[in-house]
Amino acid sequence: EDQVTQSPEALRLQEGESSSLNCSYTVSGLRGLFWYRQDPGKGPEFLFTLYSAGEEKEKERLKATLTKKESFLHITAPKPEDSATYLCAVQPVYGQNFVFGPGTRLSVLP
Amino acid sequence: DGGITQSPKYLFRKEGQNVTLSCEQNLNHDAMYWYRQDPGQGLRLIYYSQIVNDFQKGDIAEGYSVSREKKESFPLTVTSAQKNPTAFYLCASNEQGRGELFFGEGSRLTVL
């Protein structure tokens, strides 16, 4: 069964304190791995797509990396506006559906 | 601006009532999805549609129904058969079922 787990469940950082969020996945074949940001009471907003092990994508203070079993979202020198829930999802090669992880709730304190 | 519009944003329902959540997109996407989000859980797929007049059940379709009469529209009806309907509902779309999902702002349903 395709599965996605994320850790930690919640993370509190001081402004400027870099850290990483983990997304571990089990899938029969990976078509793509996706990272989203979700603010409270809003729909998720797309951040990155990764397709193959070794791939990296960057956007401002965020960098996503991918291995054969997990993905990391690295946050460098975060600011309070980076506070949100970060969702990871995989799309298997076979099938239409996406499998979502439960998310990591990030709080960045000033 | 292109995007997905969900309405209403908040909805209260009495037990035994059916309610319909609206989802409209102007992105010209073929595929549309409905997800349910509960605290501490990943998004769970209710229904999806890849083409007009066709849709498939997701993982938790029981107690829900959909229609896809137009490419732009994919309404979700939460029926009285849904045992625990209080949740945050998200509509999404993508191109031909591949690539990143574009989400609406969500609809929060509360059953009184």
Fill in: R0 of 30 Å, Cβ-Cβ distance B:E95-A:K68: FRET efficiency to nearest 0.05
0.65
Worksheet item: What FRET efficiency would be calculated for the residue pair B:T86, B:N53, taking the C-beta separation as r and a Förster radius of 30 Å, to the nearest 0.05?
Response: 0.45
Worksheet item: Looking at the square roots a ≥ b ≥ c of the eigenvalues of the Cα gyration tensor of the stretch A:40-110, which shape do they give, rounded for a/c under 1.5, prolate if a/b is larger than b/c, or oblate?
Response: oblate
Discussion item. Which residues does the label zone of B:L112 cover in the stretch B:72-90, counting backbone N under 20 Å from a point 7 Å along Cα→Cβ?
Written reply: B:78-89
Fill in: Sites A:S18 and B:E105 - FRET efficiency at Förster radius 45 Å, r taken between beta-carbons, to 0.05
0.90
Response to the item:
Using a 1.4 Å probe on heavy atoms of the protein chains only, the accessible area for A:K59 in Å², nearest 10, reads 90 Å²
Worksheet entry | 5 angstrom amide H check on A:G32, placed H, neighbours 5+ away | A:Q91
Discussion item. How high is the relative contact order of chain A? Use alpha-carbon pairs under 8 Å, at least six apart in sequence, and give a whole percent.
Written reply: 37 percent
Fill in: Sequence of A:R61, B:R36 from largest to smallest accessible area, 1.4 Å probe
A:R61, B:R36
Item to complete: Provide the buried accessible surface between chains A and B in square angstrom, both chains summed, 1.4 Å probe, rounded to the nearest 100.
Response: 1700 Å²
Discussion item. Please list, by residue number, every one of the chymotrypsin sites (Phe, Trp or Tyr not before Pro) in the stretch A:38-110 that is coil in DSSP and has at most 15 other beta-carbon atoms within 10 Å.
Written reply: A:Y51, A:Y94
Fill in: Relative contact order computed over the stretch B:1-52 (Cα-Cα under 8 Å; 6+ residues apart), in percent
30 percent
Discussion item. Relative contact order of chain B, please, whole-number percent, based on alpha carbon pairs below 8 angstrom and at least 6 residues apart.
Written reply: 35 percent
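The values are calculated or read from the model by the stated rules, or taken from the named source; none is laboratory data. It should be emphasised that the depicted structure is a prediction, and the values quoted were computed from it without experimental measurement. Here Cβ is always computed from backbone atoms with ideal geometry, including for glycine, and neighbour counts include all displayed protein chains. Note: areas computed on protein heavy atoms with side chains; ligands, DNA, RNA excluded. Shrake-Rupley method; radii C 1.70, N 1.55, O 1.52, S 1.80 Å.
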